[in-house]
Amino acid sequence: MKIIAMIPARYGASRFPGKLMQDLGGKPVIVRTYEAAKETELFDEVYVVTDSDVIFQEIEMNGGKAIMSKKEHDCGSDRIAEAVEFMDVDIVVNVQGDEPFTSKEGLEQVLRVFDGPDAEKIDLASLMTEIHDWKEISDPNCVKVIVDKESFALYFSRSPIPYPRDKNAAMQYYKHKGIYAFRKQAILDFYRLPMRSLEAVEKIECIRYLEYGKNIKMAISNTQGIEIDTPEDLVRANKVLKESKKETVNNKYRNFPMVPKVVFGQGCFDQLSSILAPQRKDKAPFIFLVDKVFKKEQALIDRINLRFNDKLIFVSSEEEPKTTQVDQIVKDIKAEFTFKPSGIIGIGGGTILDLAKAVSIMLTNKGSAADYQGWDLVKTKAVYHVGVPTISGTGAEVSRTTVLTGPVKKLGINSDFTPFDQVILDPDLTVGVPKNQWFYTGMDCFIHCVESLNGTFLNAFSQSYGEKAYDLCMEIFVGEELSEEESRGKLMMASWHGGMSIAYSQVGVAHAMSYGLSYVLGTKHGIGNCIVFDHLEEFYPKDVILFKKMVKKHQVEIPKNLCSNLSEEQLETMIDIALSLVPLWENALGDNWETIMTREKLKALYLKM
Ligand code: NAD
Ligand code: ZN
């Protein structure tokens with residue numbers, strides 16, 4: 001009998017977007033699941049079947065076998081059916097992609113039924129677990145199952161079945177576990193048979209088999225896995241792993257690239273042409289992405305000195321950069337030029353710098369920018385890219401990430417190929433920045449320092465940069481001594497050092513919460529950080545007092561009451577987004593962060609803002 005395991009893996013899971021590519025102890029969840037299935041040694045082959053290039057490549061890269069599903073599918077069984085149609089197999093076991101700790105014992109149980117005396121009768125087998133808590137029994141997210149005396153399934157439901165008319169009745173309830181072993185024919189039939197009403201109304205796939213008279217044999221397994229359905233599950237899973245393999249998960253040593261070339265000083269922007277010249281490839285243009293705010297500044301545009309077929313694109317920074325925006329710019333460039341550009345030059349604030357980094361990556365990597373949101377997903381070196389900041393604070397000019405809002409998440413493309421090849425730091429370019437914006441973006445730097453210096457990930461490397469940037473911020477925002485000219489130069493260097501400081505640590509509470517705000521309300525990064533930080537005295541007491549002092553000194557408005565009118569759903573999304581940023585919380589509050597930062601606590605904090 002040939003037995004294979006199939007792991008259906010859809011990228012855009014609805015409850016926890018991108019969950020299969022989330023980091024679980026240094027590897028994506030889906031890779032952990034794959035490896036666990038292999039390690040059981042119960043299968044002749046293990047495959048991941050997926051709709052996503054990213055997952056496909058990840059599995060292949062780790063030496064596994066992956067299949068791209070050709071069609072759109074409503075459910076995992078359909079995806080599997082397509083994949084096994086022409087394979088020579090007898091039994092196909094589906095392993096849930098989001099159950100990285102799938103137990104060998106459970107898989108053995110579900111396969112064992114095919115050796116039993118009634119094996120002939122069985123179309124497919126599945127697992128169930130005893131449940132005892134009425135809260136779980138009555139929870140519609142928990143699918144219950146009842147069986148006949150031979151353990152064939154009678155029905156699956158989200159209702160408590162059987163319904164206990166007498167609450168004290170001694171009844172063993174079972175929860176269904178989504179692991180199946182199908183005879184090949186059963187899964188092919190499933191694919192061809194249209195959905196009927198019971199399945200549709202309960203939204204439980206396996207009811208279809210019952211509706212068509214198939215026999216499902218249920219085996220009992222009481223070993224508990226961890227299903228990753230929410231960001232909290234991921235945290236738990238990471239803990240379990242950390243405890244089982246203490247040495248392998250830490251992120252203690254990072255081998256990260258730094259910007260290899262940087263020029264600094266008032267007026268150094270004029271060197272742009274001579275810096276670019278040696279990078280120019282025959283007929284391949286340089287593309288300049290320039291903040292739209294400079295459209296009328298002809299003097300600055302002239303200094304860019306366009307040559308041959310170079311192209312200047314004005315980009316609005318009104319909204320945070322989006323993956324769709326990156327995709328569009330890349331598409332336009334590819335449509336206009338047959339040659340890959342000689343380079344991408346971003347001239348503007350964090351928004352434009354991040355766009356420039358992302359566009360340069362997406363010119364050499366296929367698919368959508370959304371496929372690369374996460375850690376180390378970029379495979380091919382980006383085209384040459386240059387950053388010219390015109391406002392200081394984000395550290396985007398030096399960082400290894402480009403923060404993008406995607407269809408399902410707000411997350412950076414964090415990779416070795418992200419940092420600029422060249423940065424031009426000319427403090428004069430920041431002369432026209434409006435006062436409030438100067439403050440918000442400058443505070444991004446201050447908050448980077450605070451979060452890094454107070455974080456649990458701090459080491460001497462981070463500290464040296466963080467302390468310097470912090471001191472510079474004090475001179476700039478609290479002190480009285482500096483001329484405007486000095487202040488501009490110093491803020492530019494503070495931004496740089498602040499960015500370097502988080503390269504070896506992480507940001508913290510303010511950033512995690514600010515991402516939530518931004519995802520739901522579109523609040524921009526700098527101002528969002530300020531709105532949040534204003535209420536974080538519990539976590540950063542001395543620095544929040546200092547922050548309030550700076551707000552007062554510079555007479556800046558910090559918006560209030562953003563969250564009081566949000567719907568429950570919006571708040572929940574905000575909380576989900578914030579909590580999914582596990583490394584930030586770990587840095588801020590340590591390993592036990594989720595006992596400190598509960599959903600309720602986070603909600604209460606948001607409601608103050
Ligand atoms: P920004 O780029 O959004 O610009 C803010 C405003 O200032 C815009 O209206 C812009 O037109 C204007 N502006 C910029 N330079 C100007 C100048 N010289 N004169 C007049 N107006 C000028 O602001 P930001 O705070 O620099 O960047 C925020 C973005 O940076 C966010 O999208 C955030 O996610 C990202 N970010 C990235 C990183 C990273 O490491 N990649 C770190 C922090 C923040
Ligand atoms: Zn920031």
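The values are calculated or read from the model by the stated rules, or taken from the named source; none is laboratory data. Source: prediction; values computed, not measured. Note that we place each Cβ from the backbone using ideal geometry, even for glycine, and neighbour counts take in every protein chain shown. To get the accessible areas, we keep the full protein, side chains included, count just its heavy atoms, and leave off ligands, DNA and RNA. Shrake-Rupley method; radii C 1.70, N 1.55, O 1.52, S 1.80 Å.
Let's see how each residue does on (1) crowded, with 21+ Cβ neighbours inside 10 Å; (2) assigned to a strand (DSSP E or B):
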site: MET6; (1), (2): yes, yes
site: GLU41; (1), (2): no, no
site: GLN57; (1), (2): no, no
site: GLU72; (1), (2): no, no
site: SER77; (1), (2): yes, no
site: ALA81; (1), (2): yes, no
site: MET87; (1), (2): no, no
site: THR102; (1), (2): yes, no
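Listed here are the residues, each with its yes/no results for (1) under 23 Å from SER495 (Cβ atoms); (2) modelled with pLDDT under 95; (3) open to solvent by 50 Å² or more (accessible area, probe 1.4 Å); (4) hydrophobic (A, V, I, L, M, F, W, C).
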{"position": "ILE313", "(1), (2), (3), (4)": "no, no, no, yes"}
{"position": "THR323", "(1), (2), (3), (4)": "no, no, no, no"}
{"position": "ILE329", "(1), (2), (3), (4)": "no, no, no, yes"}
{"position": "ILE344", "(1), (2), (3), (4)": "yes, no, no, yes"}
{"position": "THR351", "(1), (2), (3), (4)": "yes, no, no, no"}
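Scan (1) under 16 Å from LEU429 (Cα atoms); (2) surrounded by fewer than 16 Cβ atoms within 10 Å (Cβ to Cβ) for the single condition LEU272 breaks and write down its number.
The failed condition is (2).
Report the residue count in the range 8-23 for those that are touching a Ser or Thr at 6+ places or on another chain (Cβ under 9 Å), closer than 18 Å to SER580 by Cβ and either free of Cβ contacts under 8 Å to residues at least 40 places away in the same chain or assigned to a strand (DSSP E or B) (or both).
Adding up the residues that qualify gives 0.
Look through GLY64, GLY106 and report the one residue that is open to solvent by less than 40 Å² (accessible area, probe 1.4 Å) and either part of a loop (DSSP other than H, G, I, E, B) or of a type in the set (Ser, Thr, Tyr) (or both). Give the steps one after another, and end with the answer.
Values: GLY106 fails: either part of a loop (DSSP other than H, G, I, E, B) or of a type in the set (Ser, Thr, Tyr) (or both).
The unique qualifying residue is GLY64.
Just checking, how many residues over the range 359-389 are among the polar types (S, T, N, Q) and surrounded by fewer than 24 Cβ atoms within 10 Å (Cβ to Cβ)?
4
Could you list, in sequence order, the residues of the range 109-123 that are open to solvent by less than 50 Å² (accessible area, probe 1.4 Å) and either under 19 Å from ILE187 (Cβ atoms) or among the hydrophobic types (A, V, I, L, M, F, W, C) (or both)?
Matches in the range 109-123: VAL110, LEU111, VAL113, PHE114, ALA119, ILE122, ASP123.
How many residues does the range 520-553 hold that are within 16 Å of ligand 1 (Cβ to nearest atom) and either farther than 25 Å from VAL235 by Cα or of a type outside the set (S, T, N, Q) (or both)?
Looking only at the range 520-553, we keep the residues that are within 16 Å of ligand 1 (Cβ to nearest atom), and these are 520-533.
Going one step further and asking which of them are either farther than 25 Å from VAL235 by Cα or of a type outside the set (S, T, N, Q) (or both), we end up with 520-528, 530-533.
The number of residues fulfilling the criteria is 13.
Take PHE461 and tell me if it is open to solvent by less than 20 Å² (accessible area, probe 1.4 Å), in contact with a Phe, Trp or Tyr (Cβ under 9 Å, 6 or more places away or on another chain), among the aromatic types (Phe, Trp, Tyr) and closer than 26 Å to TRP593 by Cβ.
No: the conditions fail for PHE461.
Can you name the number of the only condition in (1) open to solvent by 60 Å² or more (accessible area, probe 1.4 Å); (2) closer than 27 Å to LYS366 by Cβ; (3) within 16 Å of ligand 1 (Cβ to nearest atom) that PHE288 fails?
(1)
What's the number of the condition SER452 fails, among (1) closer than 22 Å to ALA503 by Cβ; (2) open to solvent by 10 Å² or more (accessible area, probe 1.4 Å); (3) part of a helix (DSSP H, G or I); (4) not hydrophobic (A, V, I, L, M, F, W, C)?
Going through (1) closer than 22 Å to ALA503 by Cβ; (2) open to solvent by 10 Å² or more (accessible area, probe 1.4 Å); (3) part of a helix (DSSP H, G or I); (4) not hydrophobic (A, V, I, L, M, F, W, C) one by one, SER452 breaks only (2).
Is it the case that the range 462-474 has a residue that's closer than 25 Å to SER317 by Cα, modelled with pLDDT of 95 or more and among the charged types (D, E, K, R)? Write out each step before concluding.
Step one: list which residues in the range 462-474 are closer than 25 Å to SER317 by Cα, which gives 473.
Filter once more, so that each one left must be modelled with pLDDT of 95 or more: 473.
Retained after the next criterion (residues that are among the charged types (D, E, K, R)): none.
No.
What residue, among those in the range 422-449 that are of a type in the set (Phe, Trp, Tyr) and open to solvent by less than 10 Å² (accessible area, probe 1.4 Å), is farthest from ligand 1 (Cβ to nearest atom)? Give the derivation first.
Kept after step one, since they are of a type in the set (Phe, Trp, Tyr), are these residues of the range 422-449: 438-440, 446.
Within this subset, residues satisfying the condition of being open to solvent by less than 10 Å² (accessible area, probe 1.4 Å) are 439, 446.
Values: PHE439: 10, PHE446: 12 Å.
Filtering first and then ranking leaves PHE446.
If a residue has to be touching a residue at least 24 places away in the same chain (Cβ under 8 Å), open to solvent by 10 Å² or more (accessible area, probe 1.4 Å) and more than 16 Å from GLY508 (Cα to Cα) to count, how many in the range 582-609 make the cut?
4
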